[in-house]
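Engineer: Structure below; questions to follow.
The values are calculated or read from the model by the stated rules, or taken from the named source; none is laboratory data. In this text, all values refer to a predicted model and were calculated from it rather than measured experimentally. Ideal geometry is used to build each Cβ from the backbone, glycine not excepted, and the neighbour counts take in all protein chains shown. Remember, those area values only see protein heavy atoms, side chains included, never the ligands or the DNA or RNA. Shrake-Rupley method; radii C 1.70, N 1.55, O 1.52, S 1.80 Å.
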Amino acid sequence: MLNMQELVTIFLTEGRELTDFLEQQLLSVEQAPEKLDDETVNALFRAAHTIKGSAGVVGLHDVVAFTHLVETAFESVRAKELSLNTPLINVLLRCNDHIVSLFDYAERQHAVSESDLQAGKTLLIELSTFLNPATAQVPPSSATARYVKKQRLRCG
């Protein structure tokens, strides 16, 4: 039977494969937006959803909370409520990099630094402007709000 650290290690390996996939697909869409199809959008959503869900299983709550809004963005693209254009792709690529950074902390078994928590908060706020342009706020009912609140408490 695997212990929790072994499960985290397996998750991190699979999570890095998924973030590599997200990066490759987002860059491909940016270079050839006319080739974007439902299959690609669904695959992007599933990758973010799997990262979020699997992180929850292994107790990586910072990853879950941060990835929640990324998953929501892909769901909005999937529902045709949001266009996967270059500005959104740029934010999603930076969010993907932040997820990799969170993986690095988990791999080292360290708490996320204050500066990286702040960077994550800034990214979530920037991403939320695509989802809620009228308010430009992180939705208070989401797990993302818990991530932001947790950062405020840590920074606090």
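Engineer: Which whole-number value in Å² is the accessible area per residue of region 11-120, probe 1.4 Å?
Structural biologist: Values: 5210 Å² over 110 residues.
Computed with neighbouring chains in place, this is 47 Å² per residue.
Engineer: Return the single residue from Ala55, Ala65, Ala79 with maximal mean-square fluctuation; model: Gaussian network over the chain, springs between Cα atoms under 10 Å.
Structural biologist: The residue with the greatest mean-square fluctuation here is Ala79.
Engineer: Specify whether the C-alpha gyration tensor of region 1-70 places it in the rounded, prolate or oblate class, a ≥ b ≥ c being the square roots of the eigenvalues: rounded for a/c under 1.5, otherwise prolate if a/b is larger than b/c and oblate if not.
Structural biologist: On the way: a/c = 2.99, a/b = 2.30, b/c = 1.30.
Prolate is the answer for region 1-70, as a/c is 1.5 or above and a/b outweighs b/c.
Engineer: Same structure, new question: Springs between alpha-carbon atoms under 10 Å, Gaussian network over the chain: tell me which of Gly15, Gly59, Gly120 tops the mean-square fluctuations.
Structural biologist: Maximum fluctuation in the GNM of the chain, among the listed residues, is at Gly59.
Engineer: If r is the Cβ-Cβ distance from Ile10 to Asn42 and R0 is 22 Å, what FRET efficiency results, to the nearest 0.05?
Structural biologist: Details: r = 24 Å, r/R0 = 1.11.
That gives a FRET efficiency of 0.35.
Engineer: Between Lys35, Lys52, Lys121, which gets the highest mean-square fluctuation from a Gaussian network model of the chain, Cα cutoff 10 Å?
Structural biologist: Lys35
Engineer: Nearest 500 deg cm²/dmol is fine: what mean residue ellipticity at 222 nm does the chain get from its DSSP H runs of n ≥ 4 alone, each adding -39,500 (n - 2.57), divided by its residue count? Let's see the in-between values first.
Structural biologist: Values: 6 runs with 120 residues, N = 156.
The helix-only estimate for the chain comes to -26500 deg cm²/dmol at 222 nm.
Engineer: How would the chain be classified by its alpha-carbon gyration tensor: rounded, prolate or oblate, with rounded meaning a/c under 1.5 and the a/b versus b/c comparison settling the rest?
Structural biologist: Details: a/c = 1.93, a/b = 1.23, b/c = 1.57.
Oblate is the answer for the chain, as a/c is 1.5 or above yet b/c matches or exceeds a/b.
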